[in-house]
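Peer 1: This is the structure I have questions about; it appears just below.
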Amino acid sequence: MRVRRGTRVSVEIAASARPRLAARARLKPDAPSGKLALLAPESVMLLNETSAAIVELCDGRTLEAIVDALALRFAVPRERLAADVAAYLGKLMDRGLVELTP
């Protein structure tokens, strides 16, 4: 899947790529809001339900498996999700919060 990342050139994220949280990032519950927070040095990102679902699945499974799991969970055709999930992961990669492993 091709992703536009900020002002950089588009990046291809293969369906077989395995997104993982970067070593500097942590996923923790935020007590005041009740949401999950993606923490990194000097930053906190509160995640909505969809974002949290994507990030929680970045546990070593493939991008294709993540899209399949989300399609099942949210009852949305995987074709509609694939580009959006890849784009969101591209944004997290730009911030150094997610890394791809082969």
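The values are calculated or read from the model by the stated rules, or taken from the named source; none is laboratory data. A quick note: this is a predicted structure, and the numbers were derived from the prediction, not measured. Cβ: placed from backbone, ideal geometry, glycine included. Neighbour counts: every protein chain shown.
Peer 1: Select from segment 1-42 the residues that are in a loop (DSSP other than H, G, I, E, B) and among the acidic types (D, E) and write down the one among them that is modelled with the lowest pLDDT.
Peer 2: Once the filter is applied, the top-ranked residue is E42.
Peer 1: Go through segment 56-71 and count every residue that is at pLDDT 95 or above and in contact with a strand residue (DSSP E or B) (Cβ under 6 Å, 6 or more places away or on another chain).
Peer 2: The total comes to 2.
Peer 1: Can you name every residue in segment 43-73 that is aliphatic (A, V, I, L, M) and assigned to a loop (DSSP other than H, G, I, E, B)? Don't jump to the end; show me each part of the working.
Peer 2: Residues of segment 43-73 aliphatic (A, V, I, L, M): 44-47, 52-55, 57, 63, 65-67, 69-72.
Across segment 43-73, the qualifying residue is only L57.
Peer 1: Right, another one. With respect to the numbered conditions (1) touching a residue at least 60 places away in the same chain (Cβ under 8 Å); (2) surrounded by 12 or more Cβ atoms within 10 Å (Cβ to Cβ), which one is the sole condition not fulfilled by E64?
Peer 2: It fails just one condition, (1).
Peer 1: I need the full set of residues from segment 12-60 which are closer than 18 Å to A83 by Cα, of a type in the set (A, V, I, L, M, F, W, C) and touching a Ser or Thr at 6+ places or on another chain (Cβ under 9 Å), in order please.
Peer 2: Result: A14, A15, A17.
Peer 1: Looking at segment 14-60, which of its residues are free of Cβ contacts under 8 Å to residues at least 40 places away in the same chain, hydroxyl-bearing (S, T, Y) and more than 22 Å from L72 (Cβ to Cβ)?
Peer 2: Within segment 14-60, just S33 meets the criteria.
Peer 1: All but one of (1) hydrophobic (A, V, I, L, M, F, W, C); (2) in contact with a Gly (Cβ under 8 Å, 6 or more places away or on another chain); (3) closer than 14 Å to R18 by Cα hold for A40; which doesn't?
Peer 2: Every listed condition holds for A40 apart from (3).
Peer 1: A further question on this structure: Could we say that V76 is under 21 Å from I13 (Cβ atoms), part of a loop (DSSP other than H, G, I, E, B) and either of a type in the set (A, V, I, L, M) or in contact with a Pro (Cβ under 7 Å, 6 or more places away or on another chain) (or both) here? First the steps, then the outcome.
Peer 2: Values: under 21 Å from I13 (Cβ atoms): yes; part of a loop (DSSP other than H, G, I, E, B): yes; either of a type in the set (A, V, I, L, M) or in contact with a Pro (Cβ under 7 Å, 6 or more places away or on another chain) (or both): yes.
Here the answer is yes, as V76 does meet what is asked.
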